[in-house]
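Accompanying notes for the structure given below.
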Amino acid sequence: MIENKTTLGFWTYIMSDCLLFASLFATYAVLQGNTYGGPSARELFDLPFVLTETLILLTSSFTAGLALLAAHAGKRSQMLAWLGATLVLGVTFIGLEVSEFTALASEGNGWWRSGFLSSYFTLVGTHGAHVAAGSLWLIVLMTQVARTGLTERMMTRLTSWSLFWHFLDVVWIGIFTFVYLFGALM
Amino acid sequence: MNISLRSYIIGFVTSIALTLGAYALVVSDALARAETLTVIVVLALLQIAVQLVCFLHLGAETDRWRGATFGFAALMTAIVIGGSLWIMSNLNERMMQMTPSEVEHYMADQS
């Protein structure tokens, strides 16, 4: 990957974002049992659905990598194709998550229901918001590259974006494991 | 196939395997709960490491700053999560163990 002051600075931002998620994970861990008489994780979470979300996001991280490889090789069309695939997967992930959230909320199991659900919606919702922001950023980048071409500046931006996108999949590993898999077991 | 492409493919395939492995373990009920929890945590940490190296190319840089900032952030994360759990568990032990309705009755009695 491109190593310059900008990408190191962006990497440092990513590390600070880790701390944000760390506190959200810690909050969830403390509150996951606080169901206030309402449903628990085991009753609410649909594991096959979550597995689908997980594989979609993971694949999008892979296609993002392929896009950056194409970019480094100067293959602009190939890069745009892989970025397009990443965007489709990312937006699909968001759509699935939104459907999951609306289903819960419409049954009365929104973030207002209990400490467990508050912390769940905050943690997973914050991750989802990051994915949405990353998707929007991707659209902007794709538009820019289509116009200006693969300049050094665009490469730095693409690198920063890819760090963000890969990082979100790393966080999701934590969510998949500590929220959904643990939830199914407790 | 160049080195980087191989890196992404290895990362992708390994991550899928670790994800499906953890999922299958939970769904199949093969082990006792404590063992299952331990194993899926290990699988998660492995997958995080795999993605850090294969996707985020941690450790591949010429200078040491990315690794250093990651190490520091990892330490801070461990302290925030571990410390919070320790403190909250401690506080929980020291609290009167009441159910929500008992809490409501207690609060109503205060007035």
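The values are calculated or read from the model by the stated rules, or taken from the named source; none is laboratory data. Predicted, not measured: the structure shown is a model, and the values here were computed from it. Cβ coordinates were reconstructed from backbone atoms using ideal geometry, including for glycine residues, and neighbour counts include every protein chain displayed. These area figures cover heavy atoms from the full protein model, side chains too; ligands, DNA and RNA do not enter into them. Shrake-Rupley method; radii C 1.70, N 1.55, O 1.52, S 1.80 Å.
Counting every Cα pair in the protein assembly as shown, what percent are over 23 Å apart?
Cα-Cα pairs of the protein assembly as shown separated by over 23 Å account for 59 percent.
Over 12 Å, how big is the tail of the calculated P(r) for the range B:32-89, in percent of all Cα pairs?
In whole percent, the share of Cα-Cα pairs in the range B:32-89 beyond 12 Å is 75.
Relative to the longest principal axis of the C-alpha atoms of chain A, give the angle of the C-alpha long axis of helix A:47-72, reported between 0 and 90° and rounded to the nearest 10°.
Compared with the principal axis, the helix lies near 10 degrees.
Quantify, in whole percent, the carbon and sulfur part of the accessible surface of the range A:37-186 (1.4 Å probe; protein heavy atoms only). Could the numbers behind the result be given before it?
Values: 3600 of 5570 Å².
Of the solvent-accessible surface of the range A:37-186, carbon and sulfur hold 65 percent.
How tilted is helix A:76-106 with respect to the longest principal axis of chain A? Cα atoms for both, answer in degrees (0 to 90, nearest 10).
Helix A:76-106 sits roughly 10 degrees off the main axis of chain A.
Test of understanding: in a Gaussian network model of chain A with alpha carbons linked when under 10 Å, which of A:Gly37, A:Gly134, A:Gly90 would top the mean-square fluctuation ranking?
Of A:Gly37, A:Gly134, A:Gly90, the Gaussian network model singles out A:Gly37 as fluctuating most.
Using a 1.4 Å probe and ignoring any ligands, DNA or RNA, find the accessible area of A:Val171 and quote it in Å² to the nearest 10.
Probe radius 1.4 Å; accessible area of A:Val171 about 10 Å².
Of all trypsin sites (Lys or Arg not before Pro) in the range B:1-95, which ones are in loop regions per DSSP and have a Cβ with at most 11 other Cβ atoms within 10 Å?
Here the trypsin sites (Lys or Arg not before Pro) that fit, given the DSSP loop and packing criteria, are B:Arg64.
Need one number for the range A:1-60: average projected area of the convex hull over its C-alpha atoms, nm².
Computing the convex hull of the Cα atoms and averaging its projections yields 6.0 nm².
Using Cα springs under 10 Å in a Gaussian network model of chain B, which residue among B:Ser84, B:Ser28, B:Ser101 shows the largest mean-square fluctuation?
Highest fluctuation among the options: B:Ser101.
Which positions within the range B:29-44 get 10 Å² or more of their accessible surface covered by the other protein chains, compared to the chain by itself, with a 1.4 angstrom probe?
Going by heavy-atom accessible area, the residues of the range B:29-44 that drop by at least 10 Å² are B:Arg33, B:Thr36, B:Leu37, B:Ile40, B:Val41, B:Ala44.
Take the range A:45-88, compute every pairwise Cα distance, and split them into 10 Å bins from 0; I just need the percent in each bin.
For the range A:45-88, the pair-distance distribution reads 32, 38, 20, 9, 1.
For chain B, what is the convex hull volume of the alpha-carbon atoms per residue, in Å³?
162 Å³
Pop the C-beta distance of B:Trp65 and A:Asn34 into the FRET formula with R0 = 41 Å and round what comes out to the nearest 0.05.
The formula returns an efficiency of 0.50 here.
How large is the helix-only mean residue ellipticity at 222 nm for the protein assembly as shown, computed as the sum of -39500 (n - 2.57) over DSSP H runs with n ≥ 4, divided by its residue count, in deg cm²/dmol to the nearest 500?
Taken over the protein assembly as shown, the calculation gives -28000 deg cm²/dmol.
How much area per residue is accessible in chain A when the probe is 1.4 Å and only protein heavy atoms are counted (Å²)?
39 Å²
Arranged from highest to lowest average of other beta-carbon atoms within 10 Å per residue, in what order do the peptides B:75-82, A:109-116 appear?
Peptide ranking by packing, descending: A:109-116, B:75-82.
Give me the distance between the Cα centres of the range A:132-186 and the range B:54-111, rounded to whole Å.
The two parts, judged by their Cα centres, are 25 Å apart.
How big is the A/B interface in buried accessible area, both sides summed, 1.4 Å probe, to the nearest 100 Å²?
Counting both chains, the buried surface is close to 3800 Å².
Any number yet on Rg/Rh for the range A:1-148, C-alpha, Kirkwood? Each step should come with its number before you reach the end.
On the way: Rg = 18.2 Å, Rh = 17.3 Å.
Reported Rg/Rh (Cα atoms, Kirkwood Rh): 1.05.
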